[in-house]
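The values are calculated or read from the model by the stated rules, or taken from the named source; none is laboratory data. Predicted, not measured: the structure shown is a model, and the values here were computed from it. Every residue, glycine as well, gets a Cβ built from its backbone with ideal geometry; the counts of neighbours run over all protein chains shown. Side chains included, ligands, DNA and RNA excluded: accessible areas come from the protein's heavy atoms. Shrake-Rupley method; radii C 1.70, N 1.55, O 1.52, S 1.80 Å.
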Amino acid sequence: MVIPSNQRDTLLPPGGFTYSEILHQPELWPATLDIVRKSGWRDQADGRPVIVTGAGTSAYAAAAIAESWPNALAVPTTDLLIEARAEIDRRSPHFADSGLLISLGRSGDSPESLAVVERMMRLCPKVEHLAITCNAEGQLAKMPAVTPIILDPRTNDRSLAMTSSFSNLVLAGLCLRHRQEIETILPSLCADIQKRLPDLESAAEGLSMGKVERAVVLASGALRPLAMETSMKILELTAGRTATLCETFLGLRHGPMSFLNSGTLVLCFLSSSPEKRRYEEDLVSELRHKQLGRIVGIAPEDADRSLFDDWIPASAGECLDELRVPFEIPFAQLLAYHLSLRQGLDPDNPSPMGAITRVVKNFVIYDQPAGV
């Protein structure tokens with residue numbers, strides 16, 4: 001049962017931080033929009049090459065933002081840290097001369113995030129730096145020559161896994177480019193999703209019943225980062241006990257379909273585009289014919305419900321796919337949370353042996369010759 005927001009700090013279920021941080025997202029999205037509005041940022045990226053970067057879940061947030069920006073490219077910090085200048089130039093030929101680097105981070109203390117900003121300042125001194133972070137006290141927010149946009153402190157999740165931080169980082173990045181459109185749709189989306197949370201949780205809890213050893217997450221185009229983050233959340237919160245695979249609908253046929261068996265949970269985030277959905281629904285029909293998986297459709301209202309074993313109405317199915325990611329992720333997070341509980345784990349700390357930590361621990365950052 002969804003706990004009212006005014007009781008969440010005093011009456012929390014197991015994994016209470018994770019649970020609370022998933023549920024308060026619709027309350028925080030308007031604050032994120034307002035922070036971007038008040039930041040004074042105006043879209044200065046027309047015609048400029050943009051790289052959006054982050055590590056782990058923040059890298060998936062970067063990918064979701066880049067999908068909605070012309071001239072934008074998502075490159076994880078884990079790549080930018082080790083790539084030579086020539087490799088960066090091949091990715092984005094004019095980035096070094098006039099580019100914008102947007103760095104994302106929940107804590108702002110990830111070793112890659114800081115090292116990449118410092119490295120880009122050395123390699124590409126003409127590049128402008130913008131950071132979106134959930135932590136005003138993090139090092140990323142305080143770096144010289146970096147313009148910070150600092151989100152509401154409640155987005156700085158206390159749990160190990162990124163939940164509220166993910167959706168709000170994505171939303172902030174989308175607002176940089178699509179603020180007027182988001183201002184129009186956000187009030188109704190927040191109200192609708194807040195109202196639907198009990199039903200979304202009930203559906204998520206139902207899907208977690210039984211033994212879920214494998215999960216496949218499918219999405220196309222601009223929704224691919226949503227599938228990547230869903231796959232990551234299930235893997236993280238179940239400590240790897242639920243093996244996951246993220247793929248596109250059309251890509252599944254080219255080998256990855258061998259991962260599926262009759263008991264695999266198959267999450268299908270269907271496009272809001274009817275043209276794309278024709279291909280997606282054909283793939284789902286093929287899975288049903290082959291009796292592969294328990295197939296769950298997270299889809300716009302006009303999709304074919306008969307194809308799915310379980311049906312979850314999309315939270316933002318009337319929006320363009322490139323704007324949907326922040327609003328579709330709460331259901332996936334609730335599913336990962338309940339799968340974690342079913343495994344007997346604490347969703348706030350699903351890795352008690354320390355295989356993963358809330359912030360990646362410091363590691364050696366090697367000096368590199370100038371220009372490399």
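The table below lists the values:
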item	result
Residue check, residue 209 open to solvent by 10 Å² or more (accessible area, probe 1.4 Å) and touching a Lys or Arg at 6+ places or on another chain (Cβ under 6 Å)	no
Residues being without any contact (Cβ under 8 Å) to a residue 60 or more places away in the chain and either surrounded by 13 or more Cβ atoms within 10 Å (Cβ to Cβ) or of a type in the set (Asp, Glu) (or both) - total across region 83-96	8
Subset tally (residues that are open to solvent by less than 50 Å² (accessible area, probe 1.4 Å) and not in a helix (DSSP H, G or I)) for region 281-310	11
Residues within region 79-112 that are at pLDDT 90 or above, in a helix (DSSP H, G or I) and within 23 Å of residue 367 (Cα to Cα), tallied	11
Residues that are out of contact with any Cys (no Cβ under 7 Å at 6 or more places or on another chain) and assigned to a loop (DSSP other than H, G, I, E, B), drawn from region 150-174	152, 157, 158, 159, 160, 161, 162, 163
Identity of the residue in region 155-199, of a type in the set (Lys, Arg) and more than 21 Å from residue 317 (Cβ to Cβ), that ends up surrounded by the fewest Cβ atoms within 10 Å (Cβ to Cβ)	158
Condition broken by residue 55, with the remaining ones in (1) open to solvent by less than 20 Å² (accessible area, probe 1.4 Å); (2) part of a loop (DSSP other than H, G, I, E, B); (3) in contact (Cβ under 8 Å) with a residue 60 or more places away in the chain satisfied	(1)
Condition check for residue 177: in a helix (DSSP H, G or I), modelled with pLDDT under 95 and in contact with a Phe, Trp or Tyr (Cβ under 9 Å, 6 or more places away or on another chain)	yes
Complete set of residues in region 58-78 that are assigned to a loop (DSSP other than H, G, I, E, B) and either out of contact with any Asp or Glu (no Cβ under 6 Å at 6 or more places or on another chain) or among the small types (Gly, Ala, Ser) (or both)	68, 69, 70, 71, 75, 76
Selected residue (only one of 2, 36 is at pLDDT 95 or above and over 17 Å from the mean Cα position of the chain (by Cα))	36
Residue count for region 311-346, restricted to those that are open to solvent by 10 Å² or more (accessible area, probe 1.4 Å) and farther than 30 Å from residue 187 by Cβ	6
